[in-house]
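Engineer: A single structure is presented below for examination.
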Amino acid sequence: MRLFLVIFQTIKSPFGVWHASGNTPVELVHGDGPKVSGNNMANRALKRIWAGFFAVVTMLAPFSESYAATARIKDIVDIEGVRDNQLVGYGLVVGLNGTGDSLNNSPFTRQSLQAMLERLGVNTRGENMRTANVAAVMVTANLPAFSTQGSRIDVNVAALGDAKSLQGGTLLVTPLLGADGEVYAIAQGSVLINGFSAGGNAASVVSGVPTTGRISSGGLIEREIGFVLGAQRTLRLALRNPDLTTSRRIALSINDFIGIPSATPEDPATVRIHLPYNFNGNIVDLLTDIEQLVVETDQAAKIIIDENSGLIVMGSEVRVSAVAVAQSNLTVTIAETPIVSQPEPLSFGQTVPLPRTDLEVTTRETDLGIVPSTVSLQELVDGLNALGIGPRDLIAILQAIKASGALQAEIEVL
């Protein structure tokens, strides 16, 4: 009881006192709150009692029999405007040890090389160039959010022509463009690859992909994205896994923390936040506070199936109504044993091979098994494993159960 009293006396809202019987705030004052009396004082005491009660329930929640999946808001949403931007460019890698593009088969490499030399004052028009130390490449990079002019980013390089390897090459100055056609970064530097290739006249070996590489801190940012997060008065949170229940829980958690209704779920994938008029800070301060809030996530029952590898992934919400399942394995064995037909002695016949095929069909029957109506993922797995079947047969069974209407889950085939 002493613990309860301590909690009741110490919990206060960072925004002061909120009237318990409606949405009209009492005078909001930081610190000890407004000096009120009468009904306001009673409402204040009632609010603290309820806050203490919910705090105790929250502390006791981990000891309950069912453990719900919880996550921080920052781990399940993306903030509007806080995103990367893709950059792309075309350039030349030089210094290759005879592993570059063949100029006869890569006309774009020849044209790019001639244009580059002309910009440097070297005229090669009409000349026969036979170098194999140059490769045309595509350069890609991600421009992080809020990157400032002069900061560096990593860039990826991939061969465009028939180059055999980019090992030992150097990327020349390459402008990186955004989707709007503007240059946002410049890339240059030595290319590092993860693979290698070597060979001789009779054998060769290739490890990894030697025609792709990476330049660490090889991009220099020249233009910034014009977005000021701190100047925004309203923002949207985009759920990475859209869900109506999770969206509403996020809004409720934010409103409970702030003390006033400032978050609204707009759809399964969006929660809109308005900066409270009395908040002591900007939108960045608000996001810093709410992104640490923990909410219970929810998701639709789903089964992921990859038929190529036989992989099956089930969510904890998957439920199956009582259903009977029987499955038989059919094995067909075909063996070719050709025989040779010899002609009679002193005859004009010919020796010919005759085909001979041995065909065997084996069927392993299984008893009719009952998968009971399950209440947990473990019981569902145990019921399916009791049938004694493999993953690939289980895929067909799950699809058949879904077709019968007994599977309360969505099946997604990769």
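Engineer: When you look at residue 120, is it surrounded by 15 or more Cβ atoms within 10 Å (Cβ to Cβ), of a type in the set (A, V, I, L, M) and either under 30 Å from residue 249 (Cβ atoms) or more than 28 Å from the chain's Cα centre (by Cα) (or both), yes or no? Write out each step before concluding.
Structural biologist: On the way: surrounded by 15 or more Cβ atoms within 10 Å (Cβ to Cβ): no; of a type in the set (A, V, I, L, M): yes; either under 30 Å from residue 249 (Cβ atoms) or more than 28 Å from the chain's Cα centre (by Cα) (or both): yes.
So residue 120 does not fit the description; no.
Engineer: Being within 18 Å of residue 246 (Cα to Cα) and either modelled with pLDDT of 85 or more or more than 32 Å from the chain's Cα centre (by Cα) (or both) narrows it down to one of 323, 295, 332, so name that one.
Structural biologist: Values: 323 fails: within 18 Å of residue 246 (Cα to Cα); 332 fails: within 18 Å of residue 246 (Cα to Cα).
Residue meeting the stated conditions: 295.
Engineer: If you don't mind, another one. Hey, can you tell me all the residues within region 273-291 that are part of a loop (DSSP other than H, G, I, E, B) and over 16 Å from residue 80 (Cβ atoms)?
Structural biologist: Kept after step one, since they are part of a loop (DSSP other than H, G, I, E, B), are these residues of region 273-291: 275-282, 291.
Across region 273-291, the qualifying residues are 276, 277, 278, 279, 280, 281.
Engineer: Another one. When both residues are 6+ apart or on different chains and their Cβ atoms are under 6 Å apart, which pairs have a first residue that lies in region 263-275 and is touching a residue at least 40 places away in the same chain (Cβ under 8 Å), and a second that is of a type in the set (S, T, N, Q)?
Structural biologist: 271/247; 274/234; 274/262
Engineer: Right, something else. Check region 373-383 and report whether any residue there is surrounded by fewer than 13 Cβ atoms within 10 Å (Cβ to Cβ) and modelled with pLDDT of 70 or more.
Structural biologist: We begin by selecting, within region 373-383, every residue surrounded by fewer than 13 Cβ atoms within 10 Å (Cβ to Cβ); these are 375-376, 378.
This time we only want the ones that are modelled with pLDDT of 70 or more, so: none.
The answer is no, given that none of the residues of region 373-383 is surrounded by fewer than 13 Cβ atoms within 10 Å (Cβ to Cβ) and modelled with pLDDT of 70 or more.
Engineer: Moving on to the next point. Go through region 212-224 and count every residue that is buried (at least 17 other Cβ atoms within 10 Å of the Cβ) and modelled with pLDDT under 90.
Structural biologist: 0
Engineer: While we're on this one: Filter region 80-102 down to the residues that are surrounded by fewer than 19 Cβ atoms within 10 Å (Cβ to Cβ) and of a type in the set (A, V, I, L, M), then identify the one that is modelled with the lowest pLDDT. Write out each step before concluding.
Structural biologist: So the first thing to find is which residues in region 80-102 are surrounded by fewer than 19 Cβ atoms within 10 Å (Cβ to Cβ), and the list is 80-86, 88, 90, 94-95, 97-98, 102.
Cutting the leftovers down to of a type in the set (A, V, I, L, M) gives us 82, 88, 94.
Working: 82: 87, 88: 96, 94: 93.
This residue is 82.
Engineer: Determine whether residue 288 is hydroxyl-bearing (Ser, Thr, Tyr), closer than 27 Å to residue 243 by Cβ, more than 19 Å from the chain's Cα centre (by Cα) and at pLDDT 80 or above. Explain how you work it out, then say what you get.
Structural biologist: Details: hydroxyl-bearing (Ser, Thr, Tyr): yes; closer than 27 Å to residue 243 by Cβ: yes; more than 19 Å from the chain's Cα centre (by Cα): yes; at pLDDT 80 or above: yes.
Here the answer is yes, as residue 288 does meet what is asked.
Engineer: Which one of the conditions (1) surrounded by fewer than 14 Cβ atoms within 10 Å (Cβ to Cβ); (2) at positive phi; (3) in contact (Cβ under 8 Å) with a residue 24 or more places away in the chain; (4) not β-branched (Val, Ile, Thr) does residue 105 fail to meet, given that it meets all the rest?
Structural biologist: Looking at each condition in turn, residue 105 falls short on (2).
Engineer: Would you mind listing the strands (runs of 3 or more DSSP E) fully within region 105-206 where at least 1 residues are among the charged types (D, E, K, R)?
Structural biologist: Details: elements: 134-143, 152-159, 170-177, 183-190, 196-199.
Those strands (runs of 3 or more DSSP E) span 152-159.
Engineer: On the given criteria, is residue 248 outside any loop (DSSP other than H, G, I, E, B) and either more than 14 Å from residue 72 (Cα to Cα) or touching a residue at least 60 places away in the same chain (Cβ under 8 Å) (or both)? Working first, answer last.
Structural biologist: Working: outside any loop (DSSP other than H, G, I, E, B): yes; either more than 14 Å from residue 72 (Cα to Cα) or touching a residue at least 60 places away in the same chain (Cβ under 8 Å) (or both): yes.
Spelling it out, residue 248 is indeed outside any loop (DSSP other than H, G, I, E, B) and either more than 14 Å from residue 72 (Cα to Cα) or touching a residue at least 60 places away in the same chain (Cβ under 8 Å) (or both).
The values are calculated or read from the model by the stated rules, or taken from the named source; none is laboratory data. It should be emphasised that the depicted structure is a prediction, and the values quoted were computed from it without experimental measurement. No Cβ is skipped: glycine too gets one built from the backbone with ideal geometry, and neighbour counts run over all protein chains shown.
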